[in-house]
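Chemist: Structure incoming, see below.
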Amino acid sequence: MVDLKGQYEKIKAEVDKGIQDVINSTAFINGPAVKEFQADFEKYLNVKHVIPCANGTDALQIAMMALGLKPGDEVITASFTYVATAEVIGLLGLTPVLVDVNADTFDIDIAAIEKAITPKTKAIVPVHLFGQCADMEKIMALAKKHNLYVIEDVAQAIGADYTFTDGKKAKAGTIGTIGCTSFFPSKNLGCYGDGGAMYTNDDELAKKMRMVAHHGQSVQYVHDVLGVNSRLDTLQAVVLKAKLKHLDEYATARNKVADYYDKAFAGHSKLKTPVRAKNSNHVFHQYTLQLNGIDRTKLREQLAEKGIPAMIYYPIPLHMQNAFKSDRFKQGDFPVTEKLCATVLSLPIHTELDTETLKYITDTVLELIK
Ligand SMILES: *Cc1c(COP(=O)(O)O)cnc(C)c1O
């Protein structure tokens, strides 16, 4: 699905030198590259604070801990997402309130959020799924009206731009109370292991998140709150610093792939190509088709035989997972999510795909579904 080797070849000199420098200096934890990457990323995002941590799941957990959410508080998020988004809500004893998504953009449904709000609701967690922003302007208006926090899950949309109705733009993750992202290797800005970060414009919250991520420590060996241990390794910061310079190029390369697929599949009665959101650009973490009248399992097998990987993100909605079993939801409650889980198929998309490979992929898909 991704070609991390080809991408590495292009930044090899910088990455290799940076990694060797870290080994030579033995500054494996909190070395200078962590601060440097943090500063570069703050500038790129145009946000006051980036707080690096160990992975995207931790980022979400630390954000919710720093906001002081308490057991019983309700947090609204989409049923059509990666498990991490809702997992941390449950893990902290908060109540995950799952809702349906938009059939075209796959992003959290605004009317569904509004319907799910109760006096116990404390936060909304929109997921910028597959690489484009949820409708943040409407989400922020709802949050303001009901006095809710907004924690953006930016793991799949690092670098995406949201455009407000007045024309102003902001990077995904810098609009809500806190943005949380992941640098898992296959994400758009991926390191060579695990990594993650929180972003915020709120000085007080930034301080709290730093403290929570560092054993709840304010001054060395003084622990004001219960925290966790969650850090970005210096070696990973070196990789991220090198790759951040290319992030916009990476998005452009991914868009070229998406445009090629769009054109090849345009108007096909059995394939629905991804719909672009009106107020966000797309950084195409995934290129996800909706299949119509196609045996998905068989198609995947046939593609695999021809050397083409295709993935199902996500086969089972969260409200139908045993881990999230609750009286609140049952099968049939979120028809859009359930339909997507049964019909989506993601094709390879990354920065190193050439036209020849794309032609082979699209020709093969079209031949197999004829
Ligand atoms: C990858 C991902 C996460 C979690 O990131 P990790 O770094 O793997 O912990 C959270 N939410 C979404 C939507 C993701 O895609």
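Chemist: What is the log10 of I(q)/I(0) for the range 247-368, computed with the Debye formula using one identical point scatterer on each Cα and no solvent, at q = 0.16, 0.23 Å⁻¹?
Modeler: The computed values of log10 I(q)/I(0) come out as -0.85, -1.38.
Chemist: Under a point-charge model restricted to the Cβ atoms of Lys and Arg (+1) and Asp and Glu (-1), what is the dipole moment magnitude of the range 20-175 relative to its Cα centre, in debye to the nearest 20? Each step should come with its number before you reach the end.
Modeler: Values: 13 positive and 19 negative charges, 106 e Å.
Roughly 500 debye for the range 20-175.
Chemist: Ok, one more. FRET efficiency for Thr118 and Lys339, Cβ-Cβ distance as r, R0 = 30 Å, nearest 0.05? Each step should come with its number before you reach the end.
Modeler: On the way: r = 27 Å, r/R0 = 0.89.
After rounding to 0.05, the efficiency reads 0.65.
Chemist: In sequence order, what are the phi-derived ³J(HN,Hα) couplings for the range 40-57 according to the Karplus relation 6.51 cos²θ - 1.76 cosθ + 1.60 with θ = phi - 60°, rounded to whole Hz, with x for glycine and proline?
Modeler: 4, 6, 4, 5, 4, 7, 6, 10, 6, 9, 10, 10, x, 8, 7, 5, x, 5
Chemist: Work out, step by step, the length gained on full extension between Glu356 and Lys10: first 0.36 nm times the residue separation, then minus their alpha carbon distance; give nm to one decimal.
Modeler: On the way: separation 346, 0.36 × 346 = 124.56 nm, distance 2.01 nm.
Length gained between Glu356 and Lys10: 122.5 nm.
Chemist: On a full-extension model of 0.36 nm per residue, what is the gain between Asn46 and Asp259, subtracting their alpha-carbon distance, rounded to one decimal in nm? Could the numbers behind the result be given before it?
Modeler: Working: separation 213, 0.36 × 213 = 76.68 nm, distance 2.83 nm.
Roughly 73.8 nm would be gained on extension.
Chemist: Could you run the Karplus curve 6.51 cos²θ - 1.76 cosθ + 1.60 with θ = phi - 60° over the range 114-120 and give me ³J(HN,Hα) per residue in whole Hz, x for Gly and Pro?
Modeler: 4, 5, 8, 6, 10, x, 8
Chemist: Starting from the exponent 0.38 and prefactor 2.2 Å, build the expected Rg for the range 34-140 from its residue count and divide its actual Cα Rg by it.
Modeler: Details: Rg = 14.7 Å, N = 107, 2.2 N^0.38 = 13.0 Å.
Expressed relative to 2.2 N^0.38 Å, the Cα Rg reads 1.13.
Chemist: With the cut-off at 26 Å, tell me which of the pairs Lys35/Lys145; Lys245/Lys306; Lys5/Lys169; Lys12/Lys35; Lys144/Lys243 have Cα atoms farther apart than that.
Modeler: Working: Lys35/Lys145 37 Å; Lys245/Lys306 35 Å; Lys5/Lys169 33 Å; Lys12/Lys35 21 Å; Lys144/Lys243 36 Å.
In this structure, Lys35/Lys145; Lys245/Lys306; Lys5/Lys169; Lys144/Lys243 exceed 26 Å between Cα atoms.
Chemist: Can you give the FRET efficiency to the nearest 0.05 for Tyr221 and Lys278, using r as the Cβ-Cβ distance and R₀ = 51 Å?
Modeler: Working: r = 52 Å, r/R0 = 1.01.
Using R0 = 51 Å, I get an efficiency of 0.50.
Chemist: Looking only at the range 37-62, which residues have a backbone nitrogen under 17 Å from a spot 7 Å from the Cα of Asp248 in the C-beta direction?
Modeler: Counting only backbone N, you get 40-47.
Chemist: Here is a further query. Students often check this: by mean Cβ neighbours within 10 Å, which of 156-169, 289-302 ranks highest, and how do the rest follow?
Modeler: Working: 156-169: 17.4, 289-302: 14.4.
For the peptides 156-169, 289-302, the packing ranking is 156-169, 289-302.
Chemist: At a Cα cut-off below 18 Å, give the aspartates and glutamates reachable from Lys17, other chains included and same-chain residues fewer than 8 away excluded.
Modeler: Output for Lys17: Glu9, Glu36, Asp233.
Chemist: Between the range 182-212 and the range 76-149, what is the C-alpha centre distance in whole Å?
Modeler: Result: 20 Å between the Cα centres.
Chemist: Amide H to amide H, which residues 5 or more places from Thr95 or on other chains are under 5 Å from it, using H placed in the peptide plane?
Modeler: Gly72, Asp73, Glu74, Val75
Chemist: For the chain, with only Lys/Arg (+1) and Asp/Glu (-1) charged at the beta-carbon, what is the dipole magnitude about the Cα centre, in debye rounded to 20? Mind dumping the intermediate values first?
Modeler: On the way: 42 positive and 44 negative charges, 66 e Å.
That gives a dipole near 320 debye.
Chemist: At q = 0.12, 0.15, 0.16 Å⁻¹, what log₁₀ I(q)/I(0) does the range 4-244 have when each alpha carbon counts as one equal point scatterer in the Debye sum?
Modeler: Log10 I(q)/I(0), no solvent term: -0.66, -1.00, -1.12.
Chemist: Now for a separate question. Give me the one-decimal nm value for the distance between modelled label points at His268 and Glu301, 7 Å along each residue's Cα-to-Cβ direction.
Modeler: Taking the simple label geometry, His268 and Glu301 are separated by 2.0 nm.
Chemist: Using a 10 angstrom cutoff on alpha carbons, build the Gaussian network for the chain and name the most mobile of Val50, Val34, Val83.
Modeler: Val83
Values in this text are rule-based calculations from the coordinates and carry no lab data. None of these values were measured; they are calculated from a predicted model. Every residue, glycine as well, gets a Cβ built from its backbone with ideal geometry; the counts of neighbours run over all protein chains shown.
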